[in-house]
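Each remark here refers to the structure printed beneath this line.
The values are calculated or read from the model by the stated rules, or taken from the named source; none is laboratory data. Being a predicted model, the structure only gives us computed values, none of them experimental. Methodologically, a virtual Cβ is constructed for each residue, glycine included, from the backbone with ideal geometry; neighbour enumeration extends over all protein chains shown. Heavy atoms of the whole protein, side chains included, go into the accessibility calculation; ligands, DNA and RNA do not. Shrake-Rupley method; radii C 1.70, N 1.55, O 1.52, S 1.80 Å.
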Amino acid sequence: MTMSGFQEQDIKAGWEAILGDDRYRLIIADTAANYPEKKSVTVSYKDIEAYDIDFALNVLEYPDLFIAKGKETIKASLPPTWDGKREVNLRIVELPRDAKVDIRHLRSKHLGKLVAVEGLVRKATSVRPRMTHALFRCARCNAEMWEEQKSMILKEPIMCVNAESGCNKQAVRFILDDKQSLYKDTQKVEIQESPEGLRGGAQPERLSGYVEDDISGAITAGNRVTMNGIIRSVEKPERDKTTVFEIYIDVMSVEFEQHEYDDIQITEEDEEQILAMSRDPALFERIVASISPTIFGMDEVKSAIALQLFGGCHKEMDDKTSIRGDIHILLVGDPGVAKSQILRYMSLLAPRGIYASGKSASAAGLTAAAVKDDFGDGRWTLEAGALVLADKGLACIDELDKMTTQDRSSLHEAMESQRISVAKAGITATLQCRCSMLAAANPKFGRFETENMGTLNEQIDLPPALMSRFDLLFVLTDRPDRVKDAELSSHILGVHRRGEIRQMAEGAAIDGIDAEAIWESTKGVKPFYDVEILRKYVAYSKRIVPVMSDAATRIIQDSYLKIRDMGRADGTITITARQLEALVRLSEASARLRLNRVVEESDAKRAVGLVEYYLSEFASSNGGLWDMSAIDSNYTKRDRDRNKTVMRIIDMFGSSDGISLEEILVHASNDGMTDDEVKKILRNLATEGMLFNPRADMYKRA
Ligand code: ADP
Ligand code: MG
């Protein structure tokens, strides 16, 4: 009897029955014929279950024993000339629901058990060989000895096998033949819990996995996988004598996600509810009312975010180029205007939402990196950053202005092409980051300056190329405003009172507190749709690919031309083709939100309304100018004009010694420029090498 209650011969008989099926016989024959291109026989758990449920359950309970026996059965059906050192793997896939364990629920009882763990691949090392069978030769008599290698430390023979030579009685040296020894490819990966399982904002837990042989290299950072394997333990490396063990999964097979949003289960009842929601004429307002309802106001921001959740259509063109459908939004604003709060909320609401800060400590940063650290035991590891982990989801990036220099240079490319390429030290990989990005940034000097403010670019510490990748950019300022302040404070106080009452025991009463009245008056703080159904709705909507109607196309074009015209007179670039594309994406998202196959007039108008709103807000924070070059380049039209004015003053009034600052200020003030402004321009022109200072406060053309 074995521990499992199955006799050895029962196990053997079981595998013979399962693998004796024609399908598996063919697979085994094919593997033998194509070895080593093919090295594994993959068996569905369903076939094991179909043979005998008890047997199948025992495979999960005692996988080491059962799989070893299964491999023996495979070996027995290989041709008689087969070299016993050439291993054929038995890999089991499609484990039952009961075998699925969340990383955070792995316990000692799972040790040695076959389980299925789902997650996102955060790290994957490069593939390297590990010696499985070492060939040694006796230094005295040259006798060959094979030694099976099971651990990281090379195991040598204890004595020579050659009885005649007499060396088996003496201490001899053995020479390793590393060319003829046998190797297996190996890879180490780290997965983290998928955000879907992490409602409530818990930190995702992680698990290392060891992948061997033909399936190494199949996994790359950013993949969503199910790893089927045996949970094992290793001593924690930092202390040498310890009873605390680290667990890992000895990966037996890997399954990739088959369909988009496989992880979001939509039942028939859900579908009915979703279709009913889509017919509600107040749907859009109700979705907006479900976005961070504890936050007061910000209706346009919330509308924009609602559209972002749904997104426009990703397009593949005839020439193989593609156009992104994902909508990127940037919130820049004073501290304490609830930017972070909105981002956190959206990372929980959106399917595959990830929240990360620009100044995160991870080496991968926001994109991806190849790193050499403890994880890889000396080999290079590819590590996925937030945008890769948010593939097909929403990346909520807070404090974007604090990101690393590496991210600064690569992020805009990642946002546009939605791919990140890493080529470093033998790792070359292209990672997908088909996500929308909701980012927040603080002004460079802590707060937006309203007095004498320069362009937005001077106030936000972000590269222009990056800023221009955002479809919508909202400037959120916090200015004292009696009416708004009163409303905002009532709202926030209401939120707190409602929160207090939620903590009260059912039916409890407190003297002087009308809990019922407070509860009623703060109803609006409850999301209209709960997060579960809204997330399902969003996932469901992605099946719909809307097409623009003639009417919608016309509205978008008219709006674009109208805004372009505003700048024609003085050569200002009010809007670029990038904003035109933003209009398209937003209208598509609006149609998709209604589960409608056609982008209609109302959708185009909604998009136009948002873009015009943001441009006008943006203009008011930019001295009233509708000037896109404020985010697309270092200078706006106004800057360029003023730079010219200052240079002209220097040319006209300066002597061969130059011109004093005082004199420049006098002339410039006639042109309506303030002293601070002129000083700033002089500084900039000097840094750019257009001017120099022969003496303090003297300027001369370079
Ligand atoms: P930021 O990231 O913009 O600096 P936070 O998200 O940290 O700001 O918000 C600061 C606090 O102020 C939060 O607790 C938030 O709830 C509150 N707050 C700010 N603006 C609003 C608002 N419009 N409605 C409700 N609460 C707000
Ligand atoms: Mg913040």
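Numbers below:
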quantity: Label-point separation in nm, ALA702 to VAL93, each point 7 Å along Cα→Cβ; calculated: 6.3 nm
quantity: Solvent-accessible surface ranking, highest first, for ARG352, ARG543, ARG107 at 1.4 angstrom; calculated: ARG543, ARG107, ARG352
quantity: Probe 1.4 Å - accessible area at ILE175, Å² to nearest ten; calculated: 80 Å²
quantity: Charged-residue dipole, Cβ positions (Lys, Arg, Asp, Glu), the range 36-104 about Cα centre, Debye nearest 20; calculated: 340 debye
quantity: Distance in nm between pseudo-label sites at ASP558 and LEU57 (7 Å out along the Cβ direction from Cα); calculated: 7.0 nm
quantity: Extension gain from LEU111 to GLU268, taking 0.36 nm per residue of separation minus the Cα-Cα distance; calculated: 52.8 nm
quantity: Net charge dipole size for the chain [Lys, Arg +1 and Asp, Glu -1 on Cβ; Debye, nearest 20]; calculated: 1520 debye
quantity: Loop trypsin sites (Lys or Arg not before Pro), the range 305-338 (other Cβ atoms within 10 Å of the site Cβ: 14 or fewer; DSSP); calculated: LYS320
quantity: Accessible carbon and sulfur surface of the chain relative to its total accessible area, %, 1.4 Å; calculated: 50 percent
quantity: Among beta bridges that DSSP assigns inside the chain, antiparallel share in %, nearest 5; calculated: 70 percent
quantity: Per residue solvent-accessible surface (Å²) - the chain, probe of 1.4 Å; calculated: 50 Å²
quantity: Net charge over other residues, Cβ less than 14 angstrom from the Cβ of ILE427 (K, R count +1; D, E count -1); calculated: +4
quantity: In Å², nearest 10: area of LEU57 left accessible to a 1.4 Å probe; calculated: 90 Å²
quantity: In the range 20-175, lysine pairs closer than 18 Å at Cα, eight or more apart or cross-chain; calculated: 19
quantity: Partner lysines for LYS700 [C-alpha distance under 30 Å; skip if fewer than 8 residues away on the same chain]; calculated: LYS637, LYS644, LYS679, LYS680
quantity: On Cα atoms only, tilt of 405-417 relative to the major axis of the chain in degrees; calculated: 90 degrees
quantity: From the C-alpha gyration tensor of the chain, square roots of 5λ in Å; calculated: 60, 35, 24
quantity: Nonlocal amide H pairs with LEU438, under 5 Å, H built at 1.01 Å; calculated: ILE329, ALA395, CYS396, ILE397
quantity: Straight-distance crosslink candidates among aspartates and glutamates, where the alpha carbon sits under 18 Å from LYS184 and sequence neighbours closer than 8 are dropped; calculated: GLU37, ASP83, GLU87, GLU147, GLU148, GLU212, ASP213, ASP214, ASP250, ASP377
quantity: Within the range 477-510, backbone nitrogen closer than 15 Å to the virtual label 7 Å beyond the Cα of SER521 toward Cβ; calculated: 486-501
quantity: For SER602, solvent-accessible area (1.4 Å; no DNA, RNA or ligand), Å²; calculated: 70 Å²
quantity: Cα centroid separation, the range 468-538 to the range 49-67 (Å); calculated: 53 Å
quantity: Projected label distance in nm at VAL161 and GLU257, using a 7 Å step from Cα toward the beta-carbon; calculated: 5.0 nm
quantity: Karplus-derived HN-Hα couplings along the range 583-599 (A = 6.51, B = -1.76, C = 1.60, θ = phi - 60°), whole Hz, x at Gly and Pro; calculated: 4, 5, 4, 5, 5, 4, 4, 5, 5, 5, 4, 8, 6, 9, 6, 10, 7
quantity: Sequence of SER669, SER126 when ordered by accessible area, the most exposed leading, probe 1.4 angstrom; calculated: SER669, SER126
quantity: Selection from MET652, ALA668, PHE692 lying farthest towards where the dipole of the chain points positive, charges on Cβ; calculated: PHE692
